[in-house]
Structure formats: structure tokens, C-alpha cells
Amino acid sequence: MLRSMFSGVSGLRSHQTRMDVIGNNIANINTVGFKASRVTFQEIYNQTLKAASAPTSATGRGGVNAHQVGLGVSVASINVLHTQSGAQRTDKATDLAIEGDGFFVVSDGVTNFYTRAGNFDIDPQGYLVSATGLKVQGWTNRNIDGEIITTGTTNEINLANLSMPPRPTSVLGFEGNLDSGLDVNDMIEYTTSIVDSLGEEHNIKLIFTKIAPNRWDLLIEPADVNSKIINSPLYDSTDATNFPGAQPIQFDGNGRLVWPINGITIPNIEYNNGAVPTENLFISFDTEKFTQNDSESSVKISYTDGYLYGVLNNINIDSMGRVVGIYSNGQTRIDAVIAVARFSNPAGLSKLGENLFQISANSGEPITGQAGLDGRGAINPGALEMSNVDMANEFTDMIITQRGFQANSRIITTSDEMLQELVNLKR
């Protein structure tokens, strides 16, 4: 009877542990990125009252099974269930959810931690941080081609005071139509700008003059008398050997461009503001989209590679964790890549609180890289991963656990009554 009482006590303890886990799961039903846990039981050591015996031909007896009495139950495991849960849309640029395997990496400057909670913000110093102030890890260093290096040691992501240097214009691409119905010597003017190495814009004017059917001359010159363009053949129409003068443009009878197919190169444009001279400005015409038809003229820029100095205005984050900066000059640039780590046994990670996990002896080492590659899940920007707690399952487990607790308590009370009857035999 004492054995049965101790078994009942072990059952109470084990079911109380299970209820503790269920309570924690339900308490975190709305915790961002929370992963529910479950409890499994195992029987405790069995006491053997009589050992098993094998069949024997000498006596003709068959085998006899062992007589064993169990000594109760214990907790076998408390497992974290790393199953995928749904995402809640927030449309906040720094809210991120991982769809698939992996964890965000955050650090206190000494130790790396891992989390599924992507409710990040940018702090006053420009760092991308978690809700508790830990700094999100990723990559910001560039190779010689200007691309972010997404291998090796991770570092903190800082977006403070980012700027983009100007890029001098080296290519201007045009498309549109020249009106074939214009008279000879009629002109079409189009004004655009080029950017020098200091990021200053200089307006230039393209003058298309019709000189014959299907034939035009193009003259390029500064758009105003105060232009800072100096010592340049840009507007030298007197020297035929020193471009531009008037450059011929020719179409066929179907209005398709036949010259210049390979574009026009303007060499050595100098400025009086101290900017580095533009060695070659290449002007191209789209052979499919630059036409001459009996329709209103509509020449326009289709491509330019020059842009002004810009400062960071906003960011977007894509599915591969690339932090794309949006600059005041209208340009975009990848300024960082957020790291995602996966583990061979994520259930082996240790919970630390604050939605954080830490590596353990059974989790394996983190395999860190870019989201969406090598088995790591893609990032869903503007969303947060919800808790994977299943309320219906938790309440069902609660009922089962309650009944198990009640049944074990009945073992204790029944054993007590039996002992009482034993004591009463003396009367």
C-alpha cells in the first residue's frame, strides 16, 4: 500500500509539471514567435517480485513471466515544438517573420542569442535592435564590387548617417518619336541634365533639326548661358573634327532608326566648379523605341546612370533579409543583410525568456547564412510570427491532466483508507 501511495505522489508531481507547462503555453498564446512545449511521461523503475523462468523439458513446464510492480511515473521530456505558425500582417518595415526553418541572431555584444520574434526597431544610434534592445546581427561589409559579403563573422547592423555619393553621368539613353510631318529646318528641343563628380547638375539641350525627309541633325549644347560646362566640344559647331557640331540622325522609309546605331560619344566635358571632367558621355538611341513617324514628337530620357548625392530616407527589407535603403536622390542600395541561423536540432535549444534561445550541448552549432538559402526559411517582411499554441489542444490536454491528477489523488486516499482498515483490525 505504501508503494501505491508513493506511485500516486509521483503521478501528482508529474501531472503538476504537465499543468505548469500547459499554463505557460496558454499564458503565451499571444506572444510573438512563441513556441509551445509539451510534456511526456515515463514509468519509474519496476520492482521485481519474482524473476521470469524459461520453459524446461525436464519438468514439462512452460515459461513463467516476471512478477513486477511499478513504482510510479516521472517526466520523460519537456519538448519545445518548433512548428510553423501563422503570420500577422503589420506593414511595419522592421517587423519580420521567418517562414520555415531558422532564427534571427541577436547579441548583447558578448553572446549571440537566437529568436523567432522579429519585432525589431531602429534605436536612436541607428542600430537595428530587438524589443529588449539586443542588436540584430547580419553583414554590412562590401567586396570590391560593392556587394555585401554574406559569409564569415556577423556584425551589428547600423543604419545611422548613411549617405550615397553622387555618380557622374556617363550614359544617356533616349526613346520616343520625331514627327516626320515637320517641315525642313523645323526644330525639336529637349532639355535634360547630366551630373558631374561633385553631384552638381548641368542642364544640356538636345536640338533636333529636320534637314531632309528621314534625315535630322542633332546639336547638343548647354541649356543656359551661365552653364559651368567649359572647354568642351559639347557645343562646338564650328569644328567638324571636334564633336559635336551637328550629328546626323537618319531613319529608313518605315521610320526606323538606321544611324547612329551605336550611339554617340561626347569626349572630355570639363566644368569650372572643380569637378573631375567627364571623359566620355555616351548618348544612345533605342533602335526599337526611337522612331520617326507622322505623330507628335515625344523624345524623352529612357535611361541615365548619373545621380545626385543622397541621404537615407527609408528602408525596405526583402525575403532574403536584404536591407534596401531608399535615398533622397531616388536611388536604392542594399546596405545590410540580416543573418538567419538554423540548427540540426532546434528542439535542443535552451529557452532563456524574453523570446530568446541559446545553444546547448544537444542543439548543435548554428549554421548561419542568408535567409532563403541552404534550408533556411525566407523572411516575410511587414509581418510577425504568431504563437504556435493550439488553444483547443491545450484545453484538451488540461482536461486530461486534471483527470490524471484526480485519479492519482484517489490512489492516495484509497491507500489511506486501506491502511486505516488495517489499523482497525486490532479493535
**Request:** Go through VAL337, GLN358, ILE144 and say which Cα lies farthest out towards the positive end of the charge dipole of the chain; charges sit on Cβ, +1 for Lys and Arg, -1 for Asp and Glu.
**Result:** GLN358
**Request:** Give the range of the longest stretch in the chain that excludes all GluC sites (Glu not before Pro) found in loop regions by DSSP and having at most 16 other beta-carbon atoms within 10 Å.
**Result:** 148-295
**Message:** Taking each pair of distinct Cα atoms in region 171-304 once, what is the resulting Kirkwood hydrodynamic radius in Å?
**Reply:** 15.3 Å
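Take the cross-link list LYS92/LYS351; LYS35/LYS135; LYS135/LYS351 and give me the ones stretching past 25 Å between alpha-carbons.
Among LYS92/LYS351; LYS35/LYS135; LYS135/LYS351, the Cα-Cα distance tops 25 Å for LYS92/LYS351.
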**Asked** For region 108-236, what Kirkwood radius comes out of the mean inverse Cα-Cα distance, in Å?
**Response** 20.2 Å
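Given a Förster radius of 60 Å and the C-beta distance between ASN79 and GLN125 as r, what FRET efficiency does 1/(1 + (r/R0)^6) yield to the nearest 0.05?
E between ASN79 and GLN125, to the nearest 0.05, is 0.95.
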**Message:** Can you divide the C-alpha Rg of the chain by 2.2 N^0.38 Å and report the result to two decimal places?
**Reply:** 1.75
**Request:** Kindly state, to the nearest 0.05, the FRET efficiency for ILE326 paired with THR153, given R0 = 25 Å and r defined as their beta-carbon distance.
**Result:** 0.35
**Prompt:** Name the chymotrypsin sites (Phe, Trp or Tyr not before Pro) in region 64-167 that are in a loop by DSSP and that have at most 11 other C-beta atoms within 10 Å, would you?
**Reply:** none
**Asked** When we measure straight from the Cα of LYS228, which lysines land under 17 angstrom away, once same-chain ones fewer than 8 places off are left out?
**Response** LYS205
**Request:** Subtracting the Cα-Cα distance from 0.36 nm times the residue separation, let me have the gained length for ARG13 to ARG89 in nm, one decimal.
**Result:** 23.2 nm
**Fill in**
Expressed in angstrom, Rg and Dmax over the Cα atoms of region 78-132 are 12.8, 40
**Item:** D_trans [Stokes-Einstein, Kirkwood Rh over alpha-carbon pairs] for region 267-390, 20 °C, 1.002 mPa s, µm² s⁻¹
**Value:** 105 µm²/s
**Message:** If I stretch the segment between ASN293 and THR132 completely, what's the gain in nm (0.36 nm per residue apart, minus their alpha carbon distance), one decimal?
**Reply:** 51.5 nm
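Mind checking the dipole of region 316-405: about its Cα centre, +1 per Lys or Arg Cβ, -1 per Asp or Glu Cβ, Debye to the nearest 20?
Details: 6 positive and 9 negative charges, 30 e Å.
Once rounded to the nearest 20, the dipole reads 140 debye.
What dipole magnitude, in Debye to the nearest 20, does the chain give about its Cα centre under +1 on Lys/Arg Cβ and -1 on Asp/Glu Cβ?
Details: 29 positive and 45 negative charges, 765 e Å.
Dipole of the chain, to the nearest 20 debye: 3680 debye.
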**Request:** Just need the Rg to Rh number for region 107-176, please, alpha carbons only, Kirkwood Rh.
**Result:** 1.16
**Cα-based convex hull, region 374-427, per residue volume (Å³, whole number)** = 111 Å³
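Quick note: the coordinates plus some simple rules give every number you see, no bench work behind them. Treat the numbers as computed from the prediction; the structure is a model and nothing was measured. All Cβ positions, even for glycine, are placed from backbone atoms using ideal geometry, and neighbour counts span all protein chains on display.
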